[in-house]
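Undergrad: Before we start, here is the structure in question, set down as C-alpha cells.
Rule-based calculations on the coordinates, nothing more; no lab input. The shown structure was predicted, so the numbers you read here are calculated from the model rather than taken from an experiment. Backbone-built Cβ (ideal geometry, glycine too); neighbour counts: all protein chains shown.
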Amino acid sequence: MASLLRRLVARYRNRRHAADLKEELRIHEEMAREEAERRGVMDASSEARRSLGNTLQAQEDARAVWIAPRLDGVWQDVRLAFRQLRRAPVFAATAITMSALGIGVLAMVFSVVNLLFLVPLPFPDSTRILTLVTPDGGGIDGVSFHAAQTRLGDVAAVAAQRRIPGWNLAVGNQAEYIGGLRVSAHFFDVLGIQPAIGRSFSATEDTAGGPDAVILSFDIWQRLLQGRTDVIGQVVSLGGSPHEVVGIMPEGFRSVPPADAFVPLRLSPLDNTLNYLLLVRFHADVNEQQSDTLLNVLHADLLSAHPESTHPRIRSLRWSRLQDTIGREPLLLSLILTVAVSFVVIVAYTNIAGLQLLRTMARHHEIAARMAIGGSRFRIVQQLLTESLVLGGVGGIVGMLLAAGSMPVLNRMLPPELLVGRTLTLDWRVVAFGIVLTACVSMFFGLAPALTVRRVDLRHALATNQRTGGTKAGGWWRRGLLVSQLAATMALLVIAGTLVDYVRQMYGAPLGFDPRGVVIAKMSLQGRSFEDPTQVQAFADHALSQLQNLPGVQSVALANHVPIERGLNLPLQPPSGSRVDQIRAVDWRCVTPDYFPALGIAVRKGRPLTSADRGTTPVAVVNESFARAYFGSEDPIGNVIALAPSLSDPPREIVGVVADVRSRPGTGWTRGFTALGSDPPPTVYVPFHQMPKTALSLAQRTFPMVWVLSTNSEATGTIERQIAQALRALDRETPLMQIQPMSAVIASDISTPRAMMLAVVAFGTVALLIACIGIYGLVAYSASQRSRETAVRVALGANRLALIRAFMVETSLIALVGVAIGLVSMLALSGVLKATLGSLASIDPGTVVAITGLLLVVLATAGYIPARRAAGVDPLASLRQD
Amino acid sequence: MAPQIAKKGALLQGTLDMLILRTLERGEAHGHDIAHHIHRTSRDVLRLEHGSLYPALHRLERKGLVSAKWELHKERKREFKYYKLTSTGRRQLRSEASRWQELAEAIANIMRPEGVDER
C-alpha cells in the first residue's frame, strides 16, 4: 500500500525525475570525457559515450521504474478504447445512443420516484408529520378527531383538515375560483409553518358560531389584493359570505393538497362523516415506540365511541407519513413505466454486449498475435473491460445530460398535488446511482466478450488466418444474449400491445351519450344568495331561459355533474326486494329535464324526467347498471328508493331507466383509472327542482354546477364566447370556472393512459429495432464464419435456397425460444396489469398472436437479408481470401 | 520492460543494488563517484555500463533505500545529484550482505575441488 502511494506520488514527479536523469547522464558523460582526456585517449567524447552504454535504454529503464505500470496501464487502456471507438464510429454511435437512452429514461423515472417518496415535503422536519388513515387512504370523522385531541393533546400538536374542491373568492369586482382547505386551530403548528403576516386561527374562530376568518396564500394576496400592506382586517367574499382576512401565508408555502384559502374547520364532535384528515406532529421527545403505544390507546378510545359496524375500519387505521399519502396512484403508473424502461435497458445493453462480442471475435487474430508476443491474457481482458466501461461511461454521461435536460419539461407535466412546492431535479443520488448502475451493467455485459478471450486457442487462431475466429463458449454467450434480448423485446411488445388495445377500447367504448356539439360550462353557485333551494331553482330557471335563446343553442340543462366525470357519492338504503342488502354509495346526479335530450342519452324503459316533475311527488330515474345491480332482470319501475336517513331525502319512485353513460368510478362498484376504461356505475338521476336542502348544500360545497348546452353550431369558438358572456351577465359575483366542449372532457379522461401507451409503444419499437440489429448481426456473423464452407458448397453446386435455410435454422430456433420465454413471463405479469388498469387491460390472445407473428416476421426478415447475401457471395472470391 | 530485465540479469541486478548500497555506506556520493568506486574496488572486474547504474539508483530511491539531493560541489562549481543511504537502506544492506555471505559459502562448498577432506 505504501509503495502504491509512493508510486502515485512519483507519477507526478515523473517529469522532474526524467529531467534529473538527463542531467545526471550528461554530467556523467562529461566526467567520463574529462577522464578519458586525462588518460590521453584520442577521441575522448566518443569514448565517453561508449562507456556510458545505451543511454536511451537507460532512460527507458529508469522511466519504467518510476512509471507505475498498473495505474498507467488503465489510463492507456482508456485512451486506446477511445481510439478504437473513433475508428468504428457507427458501432460507437449506436452503442452510446442505446445506453444513453436506457440510462437517461431510467434516470428520469427514478427522479420522479425519488421526488414522490424520498424528497421531503417543504415543512420543517416533515417526516414527523403523521396522518391516521385506513390502508386505502380513508379519513376519520369528528368523533375521532376530538378523541385524538383529548388523548394526544399533551404530547403532540393535533389538527384536522378537509378539502374544499372549489370556492368563489370575490374581492371588489374581481372573482376567482380557487381551492380551499378547512383547517382546525392547530393546523399550522402541525405543519410547522406559521402565517408570514398576521396570525393563525384562534380557538373562538374554530368553534361553531365564531367569526368567519380566512388565511390567504401569498399568490392570491399578490394577485387579487395587489399585495397591499393593510390586508389584515380586509373582508373578502368566500362562497358568497364575507370572511375577514387574519393572515397571509409565506411565499412558496404549499399545503397538501394545495389551497389558496384556509378557513376554520369547526369540526363538531357529533360529526360522523369520514371526510377529515387527521394530522399529528408528536413532540420531539416522543419516539416511535411511544407513538405506537398511544395509537393503541387511541384505537381503544375510538372503538368505544363508535358503533360495532365501524370497528373493523377503525382497527385498520394506522399512522402514515403525510408524504406517503400523496403518491399512491402515480406509484402504480410509475411502476409500469419503470418495468418497461428496464426492459429497454436490458435489450439495449444485451445488444451492445452482442455487438462487442462480434467485434471481439473478429479481433481474435489480433488478440492471438498479441498473446504470442508476450501480452498477458489478463491485460487483454482488462483492456476489453475498459472498452466496455468507456462505452458505458460515455453513454451514461450522455444519458444523464438527457435526463437533466428533460427536468423542466417533466416538471411542467407533473400535477401540483404531487409536487407540493418541490421541484423535480436530478438529485445527486440518482446521478450517483446511475453512474454505479452504468458501470456495473457495462462491466457485466462486457464480461461476455472478454471471457471468450480466455479460451482463444493461439495456434488455431494464428494458423487459420481467419478474420473471424470463434469459440464454442462465445457462441453460447451470443445465443444467450440474443435469447434474453428477444424475451425482453417480446415482453415489452406485449405490454405495448395491451396498452394499445386498452386505449383503443376506450376510444371505441360506447359512451352512452352523444358528445357532438355539446358544450359544458362550470359555475360554482355558492353563498348566501344560493343557500335556499328555491333561490337556486329560480336562478336556474332564469338562466336556462336566457341561454336557450342564444343562437345556435338547441337545448340547455343544468346539472351538478356531467358524464365522464364523477357524480356525487351518496349512500343508498337497500330498497325492499333488491338484490343488494347493505347501504352502498351510488352515483347521484341532479339534473334539469333537458339533460337527457341535450346529451342524447337514450331512454330504455318508462319515461325520462320532465318539467312536470317539480311538484311534490319525488321521482327518480336510474340507469341500466343500477337496474341490473339492484333488481336484476326485473323491472325496476315503480320501486321506491331512499337515501340514508341522515340526508333527509324523501323516498323516490323510479319512473324510468336510461342508458348507461361512462363515468369515473368512485362508488366502489367498479374499478379503473378512467371513465372510458371502466364499466358505468349505478347512477340515480333526480330532478333538479326536487333536490332537498341538505343534498343541495352538499353538492354546492364539493362540486360546481354544470351548464350543459347542446349546440348545432360549427363555430365552437364563437358560441363558447357567447355562452360565457351570457353566463357572466347572470351574476357578477359568480365567476365562470371553465367552458369547454364535451369532447375535451373525453380527451382529458384518456390523456394519461394514452400518454403511457405512447411511451411504451415507443419503447417497444426501439426494442424491436435493437433486436433486429441483433439478429442481423448474429446471422451475418455466423454466415461469415462459415464462408469458406459456403463457398465450397456453392462451388459444388449446392442450391442457394437450401443454404439460406441452413443459416436461418439456428436463428429461428433462438427467436422461438426467446419469444416463448417472453410470452411466459408476460402471462405472469398480466395479473399485475389487470389490477392496475382495470378489467379492460387484459392480455388479449388475439393481440398476443398478432405480436408474436409480427415479431417472428420481422426477425425472419432481419435474418434473411444477411443470409441471402452470404449465400450469394462469389465462391472463388471468398476462397481466395483465405 | 522492467520484468524482462529482472528475468535476464536477476542475479546481477540484485547484486548491483547491494553493491551500490555498500558504496554509499561509506558516505554520500553522486552517480559517477559510485561507478568509479565500484570499478576501482573490484579491481577492474566489475565494469558497469554506467547507463545501467542510474536506473538502479532510481529504483533504490523509489524503494526508499536511498535519498537524493542536488548539491553544489565546491570545487567543480556545478551541481551534482548526491545519493545518501537511509536507515531503511542500512537495514536492507545488512540483510542482503548476510544473505550474500550464505550464498557465497554455499556455492564455495559445492565448488570445492574433489577429494578434499570433509572436515
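Undergrad: What list of ³J(HN,Hα) values in whole Hz, one per residue of region B:70-86 in order, does the Karplus curve 6.51 cos²θ - 1.76 cosθ + 1.60 (θ = phi - 60°) give from phi, with Gly and Pro shown as x?
TA: 7, 9, 7, 7, 4, 5, 6, 6, 9, 8, 10, 8, 8, 10, 10, 6, 8
Undergrad: Please arrange A:C440, A:C590 by counting, for each residue, the other beta carbons lying within 10 Å of its beta carbon, fewest first.
TA: Neighbour counts put them in this order, fewest first: A:C440, A:C590.
Undergrad: Report the label-to-label distance for A:Q505 and A:T293 in nanometres (one decimal), using points 7 Å from each Cα along the Cα→Cβ vector.
TA: Label at A:Q505, label at A:T293, 5.3 nm between them.
Undergrad: Same structure, new question: Taking a cut-off of 17 Å between Cα atoms, list the aspartates and glutamates near B:K81, but don't count ones fewer than 8 places away on the same chain.
TA: Straight-line reach from B:K81, under 17 Å: A:D20, A:E23, A:E24, A:E29, A:E30, B:E25, B:E28, B:D33, B:E61, B:E71.
Undergrad: A further question on this structure: Of all the Cα-Cα pairs you can form in region A:107-202, what percent are over 19 Å apart?
TA: 61 percent
Undergrad: To make sure I understand, if each residue's beta carbon is the centre and we count other beta carbons within 10 Å, what order do A:D43, A:D844, A:D154 fall in, fewest to most?
TA: Fewest-to-most ranking of A:D43, A:D844, A:D154: A:D154, A:D43, A:D844.
Undergrad: I need the P(r) histogram for region A:151-242: all alpha carbon pairs, bin width 5 Å from 0 out to the longest distance, whole percents.
TA: Answer for region A:151-242: a P(r) of 3, 11, 21, 25, 21, 11, 4, 3, 1, 0 percent.
Undergrad: Also: Between A:D43 and B:K63, what is the label-to-label distance in nm when each label sits 7 Å out along the Cα-to-Cβ direction?
TA: Between A:D43 and B:K63, the label points sit 3.8 nm apart.
Undergrad: Near the amide H of A:Q738, under 5 Å away, which other amide H atoms are found, from residues 5 or more places off or on another chain, if H is placed in the peptide plane?
TA: Result for A:Q738 returns A:K522.
Undergrad: Something else: Aspartates and glutamates within cross-link reach of A:K522: Cα-Cα under 15 Å, excluding same-chain residues under 8 positions apart?
TA: Result set, ordered by chain and number: A:E176, A:E565, A:E720, A:D731, A:E733.
Undergrad: Using Cβ counts within 10 Å as a stand-in for footprinting exposure, how do A:T127, A:T425, A:T592 rank, fewest first?
TA: Fewest to most other Cβ atoms nearby, the residues stand as A:T127, A:T425, A:T592.
Undergrad: Moving on to the next point. At 7 Å along Cα-to-Cβ for each site, give me the label-to-label distance between A:Q554 and B:W100 in nm.
TA: 11.4 nm
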